[in-house]
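So the structure is just underneath, and the comments pick up after that.
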Amino acid sequence: MKIAISGKGGVGKTTISGTLARVFSSRGKKVIAVDSDPSMNLHTALGVENPIPVSRLKDLIKERAVISDGIFRMNPKVDDILDRYSIGIENVRLIVMGTVDKGGGGCICPENTFLSALLRHLVLKRDEILILDTEAGIEHLGRKTAAHFDLMLVVIEPSAKAVETANRIYELSKEIGIKDVLAIGNKVSSDDQRDFIKNNIKFGILGYIPFDTKVTSADILNNALFNTPNSDALKSIEAIADKITK
């Protein structure tokens, strides 16, 4: 199962990504958690230290991806990267993509070539559950890779900006070949907020997560929500994991 999790900045997608990974892991599933957000915070939601971002492996990338100046291998060797440059907790392996400096509208460079090849490998060649915490927008998935994701989860908080962003992500997801796109309403504290989300998005809702001060407390203490007892948000994420499994 390959799951991409997206949404407007600040809606809670990283917390949900990491917590879902830990929930599946606790149920005996092997999980690859991929952090492709430039903020590189997924490790805090998992409760581990950050591994070295793959984009910083300059010498290795040059060796494997560069043929000569301006000419790059489109399929460099990447099948050993997860084992060498990830960090684990229980049944989860975290790998961090890192960021690539982009001039203007982006660049065709060895780092981008390498990261794209690595993501393709993780999506197409690995059997584990894969949970991808995406960067803003989803164009970086590409059509070939995106077509092999089973599910796009779009995290929405009760705000007009978050709903507008979610609807754009939904349209783009369908364009690049992701068949199943569902919303998660997060930080919901009233029936009115729940109704606002329900009445303004263009696609289905998998579940709602209530506003929970324990999420903020866990973040302040740099603790994983999964390790926070009596959290209503955690219970809701566990229920969402049940729905995904079914």
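Since every read-out is calculated from the coordinates, none of them should be taken as a lab result. Model, not experiment: these values are computed from the prediction. With ideal geometry, Cβ positions are generated from the backbone for all residues, glycine too; neighbour counts draw on all protein chains shown.
Odds and ends about this structure:
- For the stretch 202-218, 3J(HN,Hα) per residue [Karplus equation, 6.51 cos²θ - 1.76 cosθ + 1.60, θ = phi - 60°, Hz, x = Gly/Pro]: 9, 8, x, 10, 7, x, 10, 10, x, 4, 9, 5, 5, 5, 5, 4, 4
- In degrees, nearest ten, helix 191-200 long axis to first principal axis of the chain (Cα): 50 degrees
- Shape category assigned to the stretch 60-198 from the gyration tensor of Cα positions, a/c cut at 1.5: prolate
- ³J(HN,Hα) computed for each position of the stretch 33-46 - Karplus, 6.51 cos²θ - 1.76 cosθ + 1.60, integer Hz, glycine/proline x: 9, 10, 9, 10, 7, x, 6, 6, 10, 4, 4, 5, 6, 8
- Listed by chain and number, the lysines placed with their C-alpha closer than 20 angstrom to that of residue 29 are 2, 125, 235, 243, 246; residues fewer than eight positions away on the same chain are left out.
- Under Karplus coefficients 6.51, -1.76 and 1.60, residue-wise ³J(HN,Hα) of the stretch 79-93 in Hz, glycine/proline x: 5, 9, 5, 4, 5, 8, 10, 10, 10, x, 8, 6, 9, 9, 10
- Residue 73 long-range amide H proximity, modeled H, under 5 Å: 66, 67
- Working note: 222 nm ellipticity from helices only, DSSP H runs with n ≥ 4, each -39,500 (n - 2.57), summed and divided by the residues of the chain, gives -12000 deg cm²/dmol to the nearest 500.
- For the listed peptides 212-219, 31-38, a ranking on the average number of other beta carbons within 10 Å per residue, highest first, reads 31-38, 212-219.
- Applying both filters, DSSP loop and at most 11 other Cβ atoms within 10 Å, to the trypsin sites (Lys or Arg not before Pro) of the stretch 64-171 gives 102.
- Near the amide H of residue 89, within less than 5 Å, lie the amide hydrogens of 94, all on another chain or at least 5 residues away, with H placed in the peptide plane.
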